[in-house]
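Each value in this text was obtained by applying a stated rule to the coordinates, not by laboratory testing. Predicted model, so just to flag it, every value in this text is computed and none were measured. Here the Cβ positions follow ideal geometry from the backbone for every residue, glycine too, while neighbour counts run over all protein chains shown.
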Amino acid sequence: MAKAGVREYKRRIRSVKNTQQITKAMKMVAAAKLRRAQEKAEASRPYTETLRDTLARLVAVTADINHPLLTKREEVKKVGYVVVAADRGLCGAYNTNIIKAANAAMAEDERDVEAKIIAVGRKVRDFYRKRGGLIAEYVNLGDNINYADAREIAQYVMKAYEDGELDEVYVVYGHFVNALRQVPTVEKILPIEPPAAEGETEEAFVDYIYEPDAVSIIYNILPRYVGTQIYHAMLESKASEHGARMTAMSNATDNAAEIIENLTLEMNKARQAAITKEILDIVGGAEALKKGGK
Amino acid sequence: MAENTFILEVITPEEILLREEVQFVVVPETQGELGVLKNHAPMIAALNIGVLRYTDAAGEVKKVAISGGFMEVIYNEARVLAETAEKGSEIDVLRAQEALKRAKRRLEQRDESIDFARAQKALQRAIARLKAADAYNE
């Protein structure tokens, strides 16, 4: 019996070790992908920032701007939420936290509105498919976020907004702080709230020539601005996902190590007990023989 | 910096496609082509889908296909922001030709289901890419 116990421990330790190898590998893969996602976010910055600054500067010098994407609706009935999370699980509470943040934002809205969901990521889609309110889904976009995907989503929401199917649009994503911390964030993207010019930079006073004119350029930039906001949310969410997965897998690997340690201790105890029992048996037998020999 | 050169930057959401010293830039502005030389006055211009041409510091003419956007010129730096941009020398001509055929076919169908504006843009983009690669003949 005791022998079988030791064998059983050995089997379990082997199984935990296998799991540990998998979680360790996943952790390293997540770390590599996190780095790539961060590089992508970094690479998107010059475009996003120049676009925002230019828009801010143009809005500051232009009086008469009247674009459908800028106009606030007097009556808001349908609110769109672009919820950006992961296609896959095994990343701790990451997906749950983003969905929770989206649901909380809907619950906090005290107006009599209907929430519509644009799901980005399979986990989000699966959740709202059951709960209802899904109007569009973008799944299996992979780890390599393309601007083209972001633009497609932006075009969809802008069309829905201009057609009156949505009166306001928010984006919900995981803001990446570091691998341990991702903050679910809700931001309004439609109607567009034009960025304010940052500080009194020298360039704010430059007298530009506009070709053809400032208003046309603003109208040209506005849809792209929505595109960059969604792209930004997708890049942040991707980095957050890998960060969360890295942390989750790191914890799983540590837990596995602890389990292995405990099981090894138990196994040694069991083996010790088995040996002690055998010795007792032998000693007992020898004693009996000695007595019998007298 | 040589006497008659300034900096040209082409930026997309995914990368800084190029940043180099140039002598002359021509961009597809919404109402025609627009040339920029050194010491141009500060300017912001909306761009069409088309080909951006520039003469580099060595005097060689190079082309970039861009999908619209805008250009900002200030302090001898011309910064072009476009959603997509491809260097002419890196364009896959076969793929661009396929895209051109596809776009033409879609426009000829003229049925209600196609998004006309979108198909037209796809056509313009395909033509711009072929022109940038010096492979457009029509």
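Students often forget the sequence filter, so: which lysines lie under 17 Å Cα-Cα from A:K78 once same-chain residues fewer than 8 apart are removed?
Within the straight-line limit of under 17 Å, A:K78 reaches these lysines: A:K116, A:K159, A:K188.
For chain B, take the longest principal axis of its alpha carbons; what is the angle in degrees between that and the long axis of helix B:93-109, to the nearest 10 within 0 to 90?
Result, in degrees: 50.
Can you sort A:M234, A:M249 so the residue with the fewest Cβ neighbours within 10 Å comes first?
A:M249, A:M234
Let me know the volume per residue of the alpha-carbon convex hull for the protein assembly as shown, in Å³.
Convex hull of Cα atoms, per residue: 249 Å³.
Suppose only helical runs count, i.e. DSSP H with n ≥ 4. What mean residue ellipticity at 222 nm does that imply for chain A under -39500 (n - 2.57) per run, divided by all residues and rounded to the nearest 500 deg cm²/dmol?
Rounded to the nearest 500, the figure is -22500 deg cm²/dmol.
Quick one: divide the alpha-carbon radius of gyration of the stretch B:6-88 by 2.2 N^0.38 Å and tell me what you get.
In units of the 2.2 N^0.38 Å rule of thumb, it is 0.95.
Under a straight-distance cross-link criterion of Cα-Cα below 28 Å, which lysines are reachable from A:K277, leaving out those fewer than 8 residues away in the same chain?
Once the sequence-local lysines are set aside, what remains near A:K277 is A:K3, A:K10, A:K269, A:K290, A:K291, A:K294.
Need the C-alpha centroid separation for the stretch B:74-88 versus the stretch A:105-173, integer Å.
Using only Cα atoms to place each centre, the spacing works out to 31 Å.
Averaged over its residues, how many other protein chain Cβ atoms are within 10 Å of peptide B:14-25's Cβ atoms?
Mean inter-chain Cβ contacts per residue within 10 Å come to 2.
Based on Cβ point charges of +1 for Lys and Arg and -1 for Asp and Glu, what charge dipole magnitude is obtained for the stretch A:29-246 about its Cα centre, in debye rounded to the nearest 20?
1500 debye
Show the residues, 5+ positions off or on another chain, whose built amide H is closer than 5 Å to the amide H of A:V169.
Correct list: A:G80, A:I189, A:L190.
Name the residue farthest towards the positive end of the dipole of the protein assembly as shown from the options B:L94, B:Q124, A:T19, assuming +1 on Cβ of Lys and Arg, -1 on Cβ of Asp and Glu, about the Cα centre.
Looking along the dipole axis, the top candidate is A:T19.
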